[in-house]
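The values are calculated or read from the model by the stated rules, or taken from the named source; none is laboratory data. This is a predicted model, so every value here is computed, not measured. When we count neighbours, we look across all protein chains shown, and the Cβ atoms used for this are built from the backbone with ideal geometry, even at glycine. Ligands, DNA and RNA are stripped out before the accessible areas are found, and what is left, the full protein with its side chains, is counted by its heavy atoms. Shrake-Rupley method; radii C 1.70, N 1.55, O 1.52, S 1.80 Å.
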2 protein chains.
Amino acid sequence: MAEQDPQGRAAMRPLLTDLYHFTMALGYWRAGRAHDPAEFELFFRRCPFGGAFTLAAGLRECVCFLRAFHLCDADVQFLASALPSDTDPAFFEHLRALDCSGVTVPLLQVSGPLLVVQLLETPLLCLVSYASLIATNAARLRLIAGPEKRLLEMGLRRAQGPDGGLTASTYSYLGGFDASSNVLAGQLRGVPVAGTLAHSFVTSFSGTEVPPDPMLAPAVGPGPRVNLVACVEVWLKRVCAHLGLAVQDPHPGERAAFVAYALAFPRAFQGLLDSYSVRRSGLPNFLAVALALGELGYQAVGVRLDSGDLLQQAQELRRLFRTTAAQFQVPWLESVPIAVSNNIDEEELARLAQEGSEVNVIGIGTSVVTCPLQPSLGCVYKLVSVGGKPRMKLTEDPEKQTLPGSKAAFRLLGPDGSLLLDVLQLAEELPPQAGQELRVWPRGAQEPCTVRPARVEPLLRLWFQQGQLCEPLPSLAESRAFAQLSLSRLSPAHRRPEQPALYQVALSEKLQALVHRLSAGTSL
Amino acid sequence: MAEQDPQGRAAMRPLLTDLYHFTMALGYWRAGRAHDPAEFELFFRRCPFGGAFTLAAGLRECVCFLRAFHLCDADVQFLASALPSDTDPAFFEHLRALDCSGVTVPLLQVSGPLLVVQLLETPLLCLVSYASLIATNAARLRLIAGPEKRLLEMGLRRAQGPDGGLTASTYSYLGGFDASSNVLAGQLRGVPVAGTLAHSFVTSFSGTEVPPDPMLAPAVGPGPRVNLVACVEVWLKRVCAHLGLAVQDPHPGERAAFVAYALAFPRAFQGLLDSYSVRRSGLPNFLAVALALGELGYQAVGVRLDSGDLLQQAQELRRLFRTTAAQFQVPWLESVPIAVSNNIDEEELARLAQEGSEVNVIGIGTSVVTCPLQPSLGCVYKLVSVGGKPRMKLTEDPEKQTLPGSKAAFRLLGPDGSLLLDVLQLAEELPPQAGQELRVWPRGAQEPCTVRPARVEPLLRLWFQQGQLCEPLPSLAESRAFAQLSLSRLSPAHRRPEQPALYQVALSEKLQALVHRLSAGTSL
């Protein structure tokens, strides 16, 4: 499906920012420094969830925001009401004329006039932070589930409002999920959508309802239409006999609901089995409807369980599908996909994905959307240079210090394509050369080390300059493929969700020396 | 400030829902049941964060959504692409004509045609769940902080995208915060906004900058303009002498930044003290600028700390403010508000709010917005009646059972206005009468109990009927006042954040009997 987001995001406006960016803007302006060239970096200090990798996401939203950045009259009027009443009107004229045509963004370096790039802090953090967090969370869940299981994101109702849900659906797909329940994510972002029926559909039927048209034509060919209701009742008897149940055990309302759903979706019939009793009601009703449909040439697409011990029930269901398939000689029934949901977290997912599990489809809501292991990535946006001079935050809290100066970043690879480490260096330095030995300072180490990369890849790409995109944005599907490729290149030790080996980032000797000099406080 | 949200919420559209609502819609429609009268209830099973109360929030967004509910051509076309290709075109005509004119909503009961009220499930959950969660979280933080501390929400950058941030700012204000950093929440929702400066503003100055106009007029009266830069340098010497520092200890860039900010905001000067060293740089620079401003009749509005031991530093700052105020005979300096921020959670907040703390203003971001103790409320939306008949989900998992039938809810109060318990009963029952004894079944109890309320308050209000609001929505400020009033009526045992007494909810005898009858499985 195509991607489109014609309306953009109403909430994503220049005023969706912290007030102090505008008070600082007035401060810069009053100090005659609005146009000072400045550079900020957007980064995070630690990978989330105790893992060793993060998928950086949100580029599309950042670029859309930068292109559209403009304060309308109502925005400026509101700011005038929030700032001191004697503020120089010329400041508001300055705001009215602002745009991002002077801003350059190789993700996630942002350079341009000081006043504007300062204003961009919170919106860019807001757009990158959660997108990256949930993409990373989804990637972890995909790694735990393995490549075969079908993963569905269904957490819209657990998100922080509409846009949180839209972001969650988009970026959990990017991180490795197969589809989302969120229809708007399908319409606006091209995410594949999926869904069938809820318990309320099942419990809304009592069994006394009469379908206006119970007749169903065969899947292919010109055969006569068949009364599905009657056909299901015939099959119910056979199924109950096979399962050792009384024919009145299965709930008639549940069966009526299944028949109603099958009449609407004969080619995509799924049974939700646990509105009453799975074994005594959901299963026989499903089998009766699926076998009646089968007579007409339709194959049911699956069952879903939403409570209880999901793994154990799936094993039991598969066993009964096999015996029933053999009993009635309908081989396709053996492999009907079993879908499960119900507060599945990483631990339960690992259980459901274990060797021999008969679960095929896993729906995850809360655990993917709210990222309960760590609900925020903790991205920051820090000034690294102004007026061409490097800047560094020299707080007493070493954790909050920043790396100064305009930088470049490279990924160094070994001869077998394995990742050795990433190097940060000053923008003016020559890039590392393949085959040449390099001395770098791993972060946190007291000594430098040497490394000889077989290949060197630049990590920063220039996306936005002079108010324009520099190259077309990748589609969501392309970004998804790129993310999966990147993850596949990580070594298993870095990729594993628990206690991974830390991926090394190192500074060039020049950058290390600059940090050292500025930390000594002599040259600011 | 006025509330206005002219654009509404672009993302809050009918397709922002799970696909299975539309597949079920086709199922209902095909079964001739689209217009069956039905009722759903939106509720949660447990109060969040281990507490005993929840602020239910999100009414405004729900009502706005219901009023605007309509599928446009593009929406219907998208659904046609997501549903089977042989779906009867008349179904799409049905969707095109849908609106909520048949829907009635006393929060949070939703009754109307089955097909429509089913479609509303996910959007209403999405709008109520996070709004209620964060309002409740904010209320807990307010209870911990006590009434005197000024609480600022500043978590926009940690939210789930733009709308998550807007919802967080709006409902943390409703829950008891005083203001937000989020400018858009001020513009669209009338939330008071606050903010001054970040570290990047401070570190962007090296001290060599020359302000284009260093002259400042006195706060009142016609006196001559004064060179603030020069005046600050004079004060710096005095301050350093008083504090026992060398005059070159305080960072000149930090001082230049403070001067620049003071020139832009002479009536609202705040110092951010920890870009370098609080004691040796931030404090003396702040005092020099504040005292220079003081000479011109301006009083600084505060200082902010964003790292280290916030409580201990606040105590030390207050002590030094007092000695400095005495030394230079500027009494207002004693009580300059001290603001703190930096990953403040419930535990740290309790520490900052303890008896004798000198902290006045507390900024909270991640902990209020992401609700890390419980990142989702777990609201559900369950069918309770269809075609006038009660419905109940009778799963094998007792936790997931629902209470059947269309209901009314009442709060029973004692003679002193204390809350006794809430009663759920069938809609057709007479309301409980003040002064009359009532037999009810507390949830989870094996035996009924009797209660004699001195007063009875109905809990459900009719907000939406026949496509229209039934009464004007309260303003955000009114809702905030109502929430605070409601919390004040809870007993301290129910209100306390840790290990509170559980607030009792009971069923009427008739409702209890209905549950019992339907659980026995005899009458569905």
Shielded by partner chains, segment A:223-272 residues - at least 40 Å² of accessible area, 1.4 Å probe, vs chain alone = A:A264, A:F265
Loop only per DSSP, at most 14 neighbouring Cβ atoms within 10 Å: give me the trypsin sites (Lys or Arg not before Pro) in segment B:458-524, ordered by residue number.
-> B:R461
Quote the FRET efficiency, to the nearest 0.05, computed for B:R67 versus A:A74 with a Förster distance R0 of 30 Å and r equal to the Cβ-Cβ distance.
-> 0.85
One decimal, nm, nearest first: from A:L460 to the same residue in each other copy, label points 7 Å out along Cα→Cβ, the values are 6.0
Shielding score for A:176-183, defined as the mean number of other chain Cβ atoms within 10 Å | 4
If unit charges are put on Cβ atoms (+1 for Lys and Arg, -1 for Asp and Glu) and the dipole of chain A is taken about its Cα centre, the option from A:L95, A:A145, A:A292 lying farthest towards the positive end turns out to be A:A145
Roll a 1.4 angstrom probe over the protein heavy atoms and tell me the percent of accessible area of segment A:153-304 that is carbon or sulfur.
-> 59 percent
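Roll a 1.4 Å probe over the protein chains and send me the accessible area per residue for the protein assembly as shown in Å².
Details: 40000 Å² over 1048 residues.
Value for the protein assembly as shown: 38 Å² per residue.
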Range in chain B, longest, excluding exposed GluC sites (Glu not before Pro) [loop by DSSP; at most 13 other beta-carbon atoms within 10 Å] | B:149-354
Interchain or long-range residues, amide H under 5 Å from B:A408's placed H | B:Q425, B:L426, B:A427
Log entry: pair-distance distribution for the protein assembly as shown, C-alpha pairs binned every 10 Å from zero, whole % per bin is 2, 10, 18, 21, 19, 14, 9, 5, 2, 0, 0
Where the Cα atoms of segment B:218-304 are projected onto their three principal axes, how long is each span, largest first, in whole Å?
-> 37, 23, 18
About its Cα centre, how strong a charge dipole does segment A:325-480 have in debye, to the nearest 20, once Lys and Arg get +1 and Asp and Glu get -1 at the Cβ?
-> 900 debye
With the Cα gyration tensor of chain B in hand, give its eigenvalues times 5 under a square root as the equivalent ellipsoid semi-axes, listed largest first in whole angstrom.
-> 56, 28, 18
In nanometres, what is the gap between the two model label sites at B:T323 and A:S335, each 7 Å from Cα along Cα-to-Cβ?
-> 8.2 nm
Can you tell me the alpha carbon radius of gyration of segment B:263-418 divided by the globular rule-of-thumb value 2.2 N^0.38 Å?
-> 1.75
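Using only atoms on other chains, find how many Cβ atoms lie within 10 Å of each Cβ of peptide A:76-83 and report the average. Don't jump to the answer; show the numbers that get you there.
Working: counts 0, 1, 8, 4, 0, 5, 8, 3.
That average works out to 4.
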Largest-first ellipsoid semi-axes for segment A:286-333, taking √(5λ) over the Cα gyration tensor eigenvalues, angstrom = 21, 13, 7
On a 0 to 90 degree scale, rounded to 10, what angle separates helix B:283-295 from the longest Cα axis of chain B?
-> 80 degrees
Relative to chain A, whose Cα atoms define the longest principal axis, helix A:228-243 and its Cα axis are tilted in degrees, nearest 10, by 90 degrees
Calculate, in whole percent, how much of the Cα-Cα pair population of segment A:128-190 lies beyond 19 Å.
-> 22 percent
In nm², what is the average projected area of the convex hull enclosing the Cα atoms of segment B:1-158?
-> 12.2 nm²
Estimated 222 nm signal from helices in the protein assembly as shown, with DSSP H stretches of n ≥ 4 weighted -39500 (n - 2.57), rounded to 500 = -11500 deg cm²/dmol
Mind listing the Cα extents of segment B:72-219 along all three principal axes, in Å, largest one first?
-> 75, 39, 26
Amide H to amide H under 5 Å from A:D274: which residues, 5+ apart in sequence or cross-chain, H placed 1.01 Å off N in plane?
-> A:D306
Pop out the ³J(HN,Hα) list for segment B:128-144 in order, Karplus 6.51 cos²θ - 1.76 cosθ + 1.60 with θ = phi - 60°, rounded to Hz; leave Gly and Pro as x.
-> 8, 5, 6, 4, 5, 4, 6, 4, 5, 4, 4, 5, 4, 5, 5, 4, 5
Where the accessible area of segment A:41-87 is counted over protein heavy atoms with a 1.4 Å probe, how much of it, in %, is carbon and sulfur?
-> 51 percent
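Could you check what % of the DSSP bridge pairs in chain B are antiparallel, to the nearest 5? List each step's numbers first, then the result.
Working: 37 of 55 bridges.
Here the share of antiparallel DSSP bridges comes out near 65 percent.
What's the extension gain from A:A409 to A:H516 if we count 0.36 nm per residue and subtract their Cα-Cα distance? List each step's numbers first, then the result.
On the way: separation 107, 0.36 × 107 = 38.52 nm, distance 1.93 nm.
Gain on stretching A:A409 to A:H516: 36.6 nm.
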Buried solvent-accessible surface, both chains (B, A), 1.4 Å probe, Å² to nearest 100 | 9400 Å²
Roughly what would the spin-label model give for A:L502 and B:R46, points 7 Å off Cα along C-beta, in nm?
-> 3.6 nm
Using modelled backbone amide H atoms (1.01 Å from N, in-plane), which distant-in-sequence or interchain residues come within less than 5 Å of B:V193's amide H?
-> B:S180
Share of segment B:455-496's accessible area from carbon and sulfur, percent, 1.4 Å?
-> 57 percent
Return the sequence-ordered ³J(HN,Hα) values of segment B:61-76 in whole Hz as given by the Karplus equation 6.51 cos²θ - 1.76 cosθ + 1.60 applied to θ = phi - 60°, using x for Gly and Pro.
-> 5, 4, 5, 4, 5, 5, 5, 8, 4, 6, 8, 7, 4, 4, 5, 5
Segment B:466-471 - phi-based ³J(HN,Hα) in whole Hz, Karplus 6.51/-1.76/1.60, Gly and Pro as x = 6, x, 10, 5, 8, 8
Which of the residues in segment B:193-207 show a loss of at least 20 Å² in accessible area from their chain by itself to the complete set of protein chains, at a probe of 1.4 Å?
-> B:V193, B:G195, B:T196, B:A198, B:H199, B:S200, B:F201, B:T203, B:S204, B:F205, B:S206
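Which FRET efficiency value, to the nearest 0.05, is calculated for A:S81 and A:Q484 with the Förster distance at 56 angstrom and r the Cβ-Cβ distance?
Values: r = 49 Å, r/R0 = 0.87.
E between A:S81 and A:Q484, to the nearest 0.05, is 0.70.
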Compute the Kirkwood hydrodynamic radius of segment B:320-362, taking the inverse of the mean of 1/r over all pairs of distinct Cα atoms, and give it in Å to one decimal.
-> 11.7 Å
Estimated inter-spin distance, A:E316 and B:R267, nm [label 7 Å along Cα→Cβ] | 7.3 nm
